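Since the structure comes first, as structure tokens, the remarks are kept for the end.
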Amino acid sequence: MCGGRGTRLDAETEKPLFRVGGVPMVDRVVGALRESSVGRIVAATSPNAPDTQAHLDVPCIETPGEGYVADLDAALADDRLSRPALTVAADLPLLDGEIVDRVLNAHDGGSLTVLVPASLKRGLGVSDDTTFEDGGREVAPTGVNVVGDGPDDAWLTRDRRIAVNVNTLADARVAERWL
């Protein structure tokens with residue numbers, strides 16, 4: 001998922017092309033997927049990110065650019081994708097193949113939402129604007145999910161590699177410390 005505007009990042013470039021540790025975040029995510037057991041990589045771009053689409057060396061599905069959920073729905077409706085589908089946000093510069101494979105191994109049919117404790121995000125010093133209660137614990141979505149048919153499940157991890165989403169310049173500084 002790499003079609004966001006990144007307005008909170010306050011950068012001169014599209015969010016997926018924002019460099020963390022000198023490398024565009026989307027390149028780090030594509031690299032992590034290539035290191036994993038994922039069989040095929042398809043990027044969901046939007047009119048908000050034309051430079052990202054031109055930059056990528058993987059097939060792209062253009063979504064309307066109306067927000068993460070609407071763009072995800074549009075991508076999943078494309079007949080080039082089958083379910084289950086791993087979805088990954090382009091703002092996860094610490095992602096690597098090992099954690100991607102752990103997510104895939106945790107998937108046991110249906111859909112899987114990968115969560116981290118909100119306290120972990122706060123402890124790392126990264127933004128946590130989207131939190132909710134799950135099983136009596138405040139959690140935050142990571143931007144990594146498996147979308148399938150059937151029941152929804154959640155997987156809670158304390159792994160910083162998927163807890164650090166870069167939404168602000170302060171988040172980028174935290175990510176660079178962990179690279």
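The values are calculated or read from the model by the stated rules, or taken from the named source; none is laboratory data. Source: prediction; values computed, not measured. Backbone-built Cβ (ideal geometry, glycine too); neighbour counts: all protein chains shown. The accessibility values were calculated without ligands, DNA or RNA, using every heavy atom of the protein model including side chains. Shrake-Rupley method; radii C 1.70, N 1.55, O 1.52, S 1.80 Å.
The figures follow:
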read-out: Relative contact order (%) - criterion: Cα under 8 Å, at least six apart; region: the chain; value: 24
read-out: Relative contact order for the stretch 1-70, counting Cα pairs under 8 Å that sit 6 or more residues apart, in percent; value: 36
read-out: Net charge over other residues, Cβ less than 14 angstrom from the Cβ of R102 (K, R count +1; D, E count -1); value: -3
read-out: Rounded percent of accessible protein surface that carbon and sulfur make up, the stretch 38-179, 1.4 Å probe; value: 47
read-out: The stretch 1-94, accessible area per residue, ligands and nucleic acids excluded (1.4 Å, Å²); value: 49
read-out: Positive dipole terminus of the chain, leading residue within A172, S111, P59 (C-beta point charges); value: A172
read-out: Check: the stretch 51-153 dipole with +1 on Lys, Arg Cβ and -1 on Asp, Glu Cβ, in debye; value: 300
read-out: Radius 13 Å from Cβ of P93, net charge of other residues (Lys, Arg +1; Asp, Glu -1); value: +2
read-out: Per-peptide average of other Cβ atoms within 10 Å, ordering 23-30, 145-152 highest first; value: 23-30, 145-152
read-out: Under 5 Å, built H, 5+ apart or other chain: amide partners of E62; value: T45
read-out: Nonlocal amide H pairs with A154, under 5 Å, H built at 1.01 Å; value: T113
read-out: Cut-off 12 Å between beta-carbons: net charge of the residues surrounding C2, Lys and Arg +1, Asp and Glu -1; value: -3
read-out: Label-point separation in nm, R158 to L104, each point 7 Å along Cα→Cβ; value: 2.7
read-out: Histogram of C-alpha separations across the chain, 5 Å bin width, %; value: 1, 9, 18, 22, 23, 17, 9, 2, 0
read-out: Extended-chain gain in nm, criterion 0.36 nm per residue less alpha-carbon gap, A77 and V23; value: 16.4 nm
read-out: Cβ-placed point charges (K, R +1; D, E -1), dipole of the chain about Cα centre in debye, nearest 20; value: 560
read-out: Pair E12, R40: separation of 7 Å Cα→Cβ label points (nm); value: 3.9
